[in-house]
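These notes are about the structure you will find just below.
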Amino acid sequence: MENSWEPVKRFWRRHSLPLTMALALAFGLVLASYLVPQPVIGTLDLKAEINSAFAEDFSEQVRFARENPEIKAVVVRVNSPGGEAAASEDLYLSLLELRKAKPVVVEVEQIAASGAYYASVAANYVVAKPSSDIGGVGVISSLPEPEEVGENKIITGPFKGQRTGKRHYARQVELIKESFLNAVVEQRQGRLKLPKEVIAEAQVYKGMEAVKYGLVDEIGSGIRALEKAAELAGIVHYRVRDVSEWMGKKKQGVQVVLFVDENQLSPKTNTVPANYFLYVEHEG
Amino acid sequence: MNGKKHVKLFVALVLLVLAAHALLYYRGVYVPPKTVLHNLDISVPEAPVQEFREKFAQGDGMVLVDRAHDNAFDERNFSGFFSSLASKGYRVEYVADGNLLEDKLAEASAFVSIQSVKAFQEQEIVVVQRFASRGGRILLIADPEKSHQANSLATAFDLFFESGYLYDFGENDGNFRYPYFSQFAGNALFKGVKKLAFYIACSVAPNEKGIVFSSKGTKSTAIESRASFSPVALNGGVLALCDQTFLSDQFNESAGNKQFASNLAQWLVSANKRPSLRDFPYLFRGRVDIVYSPKFLRVALALKGLLDGKGLEANVVAPGQGQGPASAAANQIIVTDFGSKNLVGENAAAIGLTTEPALSVNGIELDHEGSGIVALVLGKEKNVLLFLAEKEAVMQTIITHANQRSLDSFLLNDGLAVFASKEAVQEKPQPVSGAQPQQPPAAQPVPSSK
């Protein structure tokens, strides 16, 4: 009895070469889609006054972007006047870590001032618009008020409720400013054209000035930021995905606070002030 | 083809597809830049604090502090400065009503106005100018941190607090708005002071009156064209200082600030104010003897009551006892008539008083019955205040005028007032009292002989 597989075998003997090739191509394509997926440029939004809650959320997104193999580069879209000092430093340090693994490009929309600029200098490249507001390298804070002595409150040291004396506190603020300044000088090394003393004046520059002074690298659109990110990552034909949505986070309607009245700055307690890397708008 | 060859072909094609796929997306490899954390080894240098120990000194006087112009400062923050004044034997009093300024300044050696938010009125300025012209010292402090009207008084003394604030990125006490100053004019105010730290200070014009000068790196936010700024300026007995924070307790520890604050206090209490009849009854330091003619005993006792009410030590000394050794050094108030040579004595010559052939003072002839004279004779060891009149009613009138500080129309100079009014005698004079100032009766001013 003729083997029931004989026709198949005959067919294979006659067409083995094209079949092998077709199978290899099909398998290769399937395998490639897993092993070599289409690269993604992840986008992160830094579009809010920076506070600890925002920094926590942002750092989570940075971690996701760093660990996700599909994401080959990150574009951070910045539109913020800065915010709390420690939260701003958190963004800076997170992006610095991300930069070690993947290229980071910052696209400045309207404003990247103070703490937002602090975070931006951690990027490989910064793109801004001609009229973007950039800079404001400095700290804003208020001196601690001496604590009222209360019979029913017991403290174990004179500065327990006040943190420190006014003069010492002013020096601490100066340390924070110097750290910020050093970060800008270090991360913009070779590109910065302004002396440190001038940057310390905390001026906010327009994008076109900022390029001239080396505070940002290029005037360009969001598309240019993506292209630069792709170029640094060495990728083409990439997809763009919002990291926040990818993580399944509900995209919140972000309320961008572009200018902050300094009267809105309130200490966290009655006596202990908070430090801000924040661009504040003074009343006339 | 055998099976092995098929497998090789299959694998080769799969790898080819993978490679093609990779080439479709990847054209290079990301080479991260050298990433180092910025330098965190930062220090903010601090000027050495100058050792300071307050010197206690005997003194007796009052420094008047302005509270009548919505002055924006908290005296609790100035305990160091005020205790410096106290350690020199001076007390601090406040004036909360501009109408009382003249009364209070009569007693004061110095006047301090810190961050006056309300402008000084024309009459107040005249009073302060008069005070300064007689040697009273004035310290005007403003701070650019808050709005102020200090220039309403400062300009009366040709000084002006300029706008903006001074800053220095190099030489500062931990913040660019806290500049150091180490160039001083040769002045006792800077005795023992090597360096000052000011905390948001402005410049005071004109620069020529400056006594503290900025260093090369100090700039002003408002004035770009000038190279040197002075936050402290002195014009005669008026010192304008544009920073109140350096005097406050948490900031006066820096550099030589405490020494300077103490020197400021010393400068204030070193005022050598020339007494004026306008200052009555604060014309004397220490005890005063009231010497009287018998017919003015009631007036003398009332005068003692008035001085007691002002906290001044006064004794009524019977006629003939006033020149005793015990009273030789004591200041005197002499209440007598024009012809009382034994009481008026050599003071008559000092004030240009003659009674023969007619009553005249400083060459001005006076009506004997209706006139009164108030004269202050300053001596090396004691001062003598003379109240001269023939009638008790006139005597009461002139004392009341002196007490109510309404001598202006009768003053020939700071030490001599002359009343020549029959009306003053005819009207019933107010009793001499230190309690409630009352409107004195009208009197006729005497034309000045000048």
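Projected label points at A:Asn152 and B:Asp308, each 7 Å from Cα along the beta carbon direction, are separated by 5.0 nanometres.
Note on chain B: with a GNM built from Cα contacts shorter than 10 Å, the maximum mean-square fluctuation among B:Val14, B:Val384, B:Val317 falls on B:Val14. The peptide list A:114-121, A:208-215, put in order of mean Cβ contacts within 10 Å with the highest first, becomes A:114-121, A:208-215. Taking every full run of DSSP H in chain A, the ones that stretch at least 30 Å from end to end by Cα along their long axis and average -1.0 or higher on the Kyte-Doolittle scale are A:6-35, A:166-187.
Provide Rg over Rh for the range A:104-203; use the alpha carbon set for both Rg and the Kirkwood Rh (inverse mean inverse pair distance). Before the final figure, lay out each step's value.
Details: Rg = 18.5 Å, Rh = 15.9 Å.
That ratio is 1.16, to two decimals.
Going Cα to Cα from B:Lys195, which aspartates and glutamates come in below 19 Å? Please leave out same-chain ones fewer than 8 positions away. Hits, sequence-local ones excluded: B:Glu46, B:Glu51, B:Glu54, B:Asp168, B:Glu171, B:Asp173, B:Asp243, B:Asp249, B:Glu253.
Looking at chain B, do any whole DSSP H helices span at least 30 angstrom along their long axis by alpha carbon and average 1.0 or above on Kyte-Doolittle, and which?
Details: long enough: B:3-25 (33 Å, 1.46).
In chain B, the long hydrophobic H runs are B:3-25.
For the range B:338-409, the set of GluC sites (Glu not before Pro) satisfying both a DSSP loop assignment and a count of at most 11 other C-beta atoms within 10 Å is given as B:Glu346, B:Glu381. Each residue, B:Ser409 and B:Thr221, gets one label point 7 Å from its Cα in the Cβ direction; the gap between the two is 5.2 nm.
Going by Cα centres, the range B:1-66 and the range A:193-238 are how many Å apart? Cα centroid to Cα centroid, the span is 17 Å. Comparing mean-square fluctuations of B:Ala318, B:Ala271, B:Ala86 from a GNM of chain B with C-alpha springs under 10 Å, the top value falls on B:Ala318.
The convex hull around the C-alpha trace of chain B, projected and averaged over every direction, spans 34.5 square nanometres. Counting only lysines at least 8 places from A:Lys102 when in the same chain, those with an alpha carbon closer than 26 Å to its own are A:Lys47, A:Lys72, A:Lys129, A:Lys228, A:Lys249, A:Lys250, A:Lys251, B:Lys34. Diffusion of the protein assembly as shown by Stokes-Einstein, at 10 °C in a medium of 1.306 mPa s and with Rh set to the Kirkwood radius over alpha-carbon pairs, works out to 49 µm²/s.
Could you tell me what percent of the DSSP beta bridges with both partners in the range B:61-269 are antiparallel, to the nearest 5?
Details: 15 of 34 bridges.
Just about 45 percent of them are antiparallel.
Among DSSP beta bridges lying fully in chain A, give the percent that are antiparallel, nearest 5. Intermediate results must be reported in sequence, preceding the final value.
Values: 7 of 35 bridges.
Around 20 percent of the beta bridges assigned by DSSP in chain A are antiparallel ones.
A crude spin-label estimate for the pair A:Glu6 and B:Val11, with each label 7 Å from Cα along the Cβ direction, gives 3.5 nm.
Over the range B:1-148, what is the relative contact order in percent, taking alpha-carbon pairs closer than 8 angstrom and at least six residues apart?
Numbers: 148 pairs, mean separation 32.7, N = 148.
Relative contact order comes out at 22 percent.
What chymotrypsin sites (Phe, Trp or Tyr not before Pro) in the range B:1-78 are in a loop by DSSP, with at most 12 other Cβ atoms within 10 Å of the Cβ?
Taking the range B:1-78 and a limit of 12 other Cβ atoms within 10 Å, the loop chymotrypsin sites (Phe, Trp or Tyr not before Pro) found are B:Phe56.
Looking at the protein assembly as shown alone, DSSP beta bridges between its own residues are antiparallel in about 40 percent of cases. Reported to the nearest whole Å, the Cα centre-to-centre distance from the range B:384-410 to the range B:67-97 is 34.
Magnitude of the Cβ-charge dipole of chain B, K/R +1 and D/E -1, about the Cα centre, nearest 20 debye? Numbers along the way, then the final one.
Working: 43 positive and 45 negative charges, 464 e Å.
So the dipole magnitude of chain B works out to roughly 2220 debye.
Contact order for chain B, expressed relative to its length and based on alpha carbon pairs under 8 Å spaced 6+ residues apart, stands at 12 percent. Just to verify a number: FRET efficiency for A:Tyr34 and A:Arg63, C-beta to C-beta distance, R0 = 22 Å, to 0.05? E between A:Tyr34 and A:Arg63, to the nearest 0.05, is 0.40.
With an 8 Å cut-off on Cα pairs and a minimum separation of 6 or more residues, tell me the relative contact order of chain A in percent.
On the way: 522 pairs, mean separation 71.8, N = 284.
For chain A, the relative contact order is 25 percent.
With a cut-off of 14 Å between beta carbons, the residues surrounding A:Tyr125 carry a summed charge of +2, where Lys and Arg count +1 and Asp and Glu -1.
Find, among the trypsin sites (Lys or Arg not before Pro) in the range A:126-189, those assigned to loop by DSSP (not H, G, I, E, B) with at most 16 other beta-carbon atoms within 10 angstrom.
A:Lys153, A:Lys160, A:Arg163
The per residue volume of the convex hull around the alpha-carbon atoms of the range B:278-419 is 99 Å³.
With a threshold of 30 Å on the Cα-Cα distance, the over-threshold entries among B:Lys341/B:Lys382; B:Lys88/B:Lys216; B:Lys104/B:Lys219; A:Lys166/A:Lys196 are B:Lys88/B:Lys216; B:Lys104/B:Lys219.
What residue among B:Ala110, B:Asn362, A:Val106 has its Cα farthest toward the positive end of the dipole of the protein assembly as shown, where the charges are +1 on Lys, Arg and -1 on Asp, Glu, each on the Cβ? Most positive-ward Cα: A:Val106.
Counting, for every residue in B:16-22, the Cβ atoms of other protein chains within 10 Å of its Cβ and taking the mean gives 6.
Give the calculated FRET efficiency between B:Val49 and A:Glu197 to the nearest 0.05, with a Förster radius of 30 Å applied to their Cβ-Cβ distance.
Values: r = 27 Å, r/R0 = 0.90.
The calculated FRET efficiency here is 0.65.
How much FRET efficiency would the formula 1/(1 + (r/R0)^6) give for A:Glu56 and A:Glu245, where r is the Cβ-Cβ distance and R0 is 25 Å, rounded to 0.05?
E between A:Glu56 and A:Glu245, to the nearest 0.05, is 0.85.
Values quoted throughout were computed directly from the atomic coordinates according to the rules given, and no laboratory measurement underlies them. Predicted model, so just to flag it, every value in this text is computed and none were measured. Don't worry about glycine lacking a Cβ; one is built from the backbone with ideal geometry, like all the others, and counts go over all protein chains shown.
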